Amino acid sequence: MSATRKYLAPYTAMNAASIASTVSSSVVNISNLDQISIQITTTNTDVAGQWSVQGSLDYNPLNPNSATWTDMTFSPVIAATTAGVADQILLDLKLLAFPWIKVKFTRTAGTTGTGTVLISGKGN
């Protein structure tokens, strides 16, 4: 008997979006996926800030503003974006129990830069 493995091909959750202000990626359903990878890249001229990965148990696509989003804790923390530096960040996440995920950038300074977020995953 052949088992079908669940798979999320690399999905562009944020495509060269301005990070001149706080911005979030689109929400991705990761139900039935137990291994998630997130790739974050920036083209940055003068923006500084912090990337975070957030999960939700109560997100509803029909009522998206009612969701509770909680930052995941990383050790070490995701490196902060520094003005003038183009970032390349790759995160490998395993055994996540929540069904919804998104990536958020919180700007602390600057006015020009873009961010791209790709999310993929696989499950049993």
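The values are calculated or read from the model by the stated rules, or taken from the named source; none is laboratory data. Since the model is a prediction, treat every value here as computed from it, not as a measurement. Glycine also receives a Cβ, built like all others from the backbone with ideal geometry; neighbour counts cover every protein chain displayed.
Between Leu33, Leu93, the distinction of being hydrophobic (A, V, I, L, M, F, W, C), in a loop (DSSP other than H, G, I, E, B) and closer than 19 Å to Ile119 by Cβ belongs to Leu33 only.
This table checks each residue for (1) modelled with pLDDT under 90; (2) out of contact with any His (no Cβ under 6 Å at 6 or more places or on another chain); (3) closer than 15 Å to Lys94 by Cα; (4) crowded, with 18+ Cβ neighbours inside 10 Å.
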{"position": "Ser18", "(1), (2), (3), (4)": "no, yes, no, no"}
{"position": "Ile38", "(1), (2), (3), (4)": "no, yes, yes, yes"}
{"position": "Thr42", "(1), (2), (3), (4)": "no, yes, no, yes"}
{"position": "Asp46", "(1), (2), (3), (4)": "yes, yes, no, no"}
{"position": "Gly49", "(1), (2), (3), (4)": "no, yes, no, yes"}
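What are the residues in segment 57-86 that are assigned to a loop (DSSP other than H, G, I, E, B), within 22 Å of Ala109 (Cβ to Cβ) and among the hydroxyl-bearing types (Ser, Thr, Tyr), if any? Scanning segment 57-86 gives a single hit, Thr82. Of Val53, Val77, Val28, which residue is within 12 Å of the chain's Cα centre (by Cα) and either over 19 Å from Tyr7 (Cα atoms) or aromatic (Phe, Trp, Tyr) (or both)? Just one listed residue meets the conditions, Val53. Among residues belonging to segment 1-16 that are farther than 18 Å from Ser120 by Cβ and modelled with pLDDT under 95, point out the one that is surrounded by the fewest Cβ atoms within 10 Å (Cβ to Cβ). Only one residue fits best here, namely Met1.
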